[in-house]
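Q: My structure is below; once you've seen it, I'll send some questions.
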């Protein structure tokens, strides 16, 4: 289920790949950078597979934020290797959503964000984990909600349950070094990995160059792997956008009447029929 623009109201896209289904590729998580769910980050020094665990709350519920006063419920690595649970930690700062933050790591899991947010997309800067505060999802596990222009990211393991900014894959309106990719329940900006051009094989969501989607081979002509990168396109501009991959047409990314608000124009170049 997609949770976009504060409403959990949209179904899955018509297109898929092994890179964005419930398999090992999707479950790759980098502990160093806070990337999640189907991506690979070349800046990471450690990565591991996220185990499929019960998505219901454990010691605390991040959607309810039911910890004691002065604490907040955050994702952490209970085994020391992957984010797989939630716990209450002290609220140590007052950095608001969208502001820069520092992070003590996935085991301790404390940061200097306020009690409404958590430090994510963390990079190592001079030996210190520096990232951005992101709001916790609200609502319920079946219908998580987020503020406008963000989506609730929840893996099959139930973490991290954070609201991450959404983007337009046709406009590619992300910061330099990032691209707009489909990630389980929404489009969001992620670091690019391999910069693989359209028509060539891919394994991870962010293997593809900006402006393309890692699509299952059945929908791509002459694909020499399980998935290949295929260009995003605007349904309003026609099939000429698909010239880089002969034999494809611009088809809606979403099932009929299931596109989130503002994204009905999004298509992807695939084999007709």
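The values are calculated or read from the model by the stated rules, or taken from the named source; none is laboratory data. Worth saying up front: this structure is predicted, and the values here are computed from it rather than measured. Cβ atoms come from the backbone with ideal geometry, glycine included; neighbour counts cover every protein chain shown.
Q: Which residues, counting only those in region 220-237, are under 15 Å from residue 200 (Cβ atoms) and surrounded by fewer than 24 Cβ atoms within 10 Å (Cβ to Cβ)?
A: Result: 221, 222, 223, 224, 225, 226.
Q: Do we find a residue being closer than 28 Å to residue 161 by Cβ, under 22 Å from the mean Cα position of the chain (by Cα) and surrounded by fewer than 18 Cβ atoms within 10 Å (Cβ to Cβ) anywhere in region 263-271?
A: Yes, there is a match, as at least one residue in region 263-271 is closer than 28 Å to residue 161 by Cβ, under 22 Å from the mean Cα position of the chain (by Cα) and surrounded by fewer than 18 Cβ atoms within 10 Å (Cβ to Cβ).
Q: Give me the residue from region 85-95 that is surrounded by fewer than 22 Cβ atoms within 10 Å (Cβ to Cβ) and within 19 Å of residue 153 (Cα to Cα) and, out of that set, modelled with the highest pLDDT.
A: Going through the qualifying residues, I end up with 87.
Q: For region 70-84, which positions are farther than 14 Å from residue 116 by Cβ and either touching a strand residue (DSSP E or B) at 6+ places or on another chain (Cβ under 6 Å) or modelled with pLDDT of 95 or more (or both)?
A: Residues satisfying the conditions are 75, 76, 78, 81, 82, 83.
Q: Within region 71-82, does at least one residue satisfy the condition of being at positive phi and either in the same structural domain as residue 188 (by TED's automatic domain parsing) or in contact (Cβ under 8 Å) with a residue 40 or more places away in the chain (or both)?
A: no
Q: Among the residues of region 239-253, are any assigned to a strand (DSSP E or B), touching a helix residue (DSSP H, G or I) at 6+ places or on another chain (Cβ under 9 Å) and buried (at least 24 other Cβ atoms within 10 Å of the Cβ)?
A: No, the conditions are met nowhere in region 239-253.
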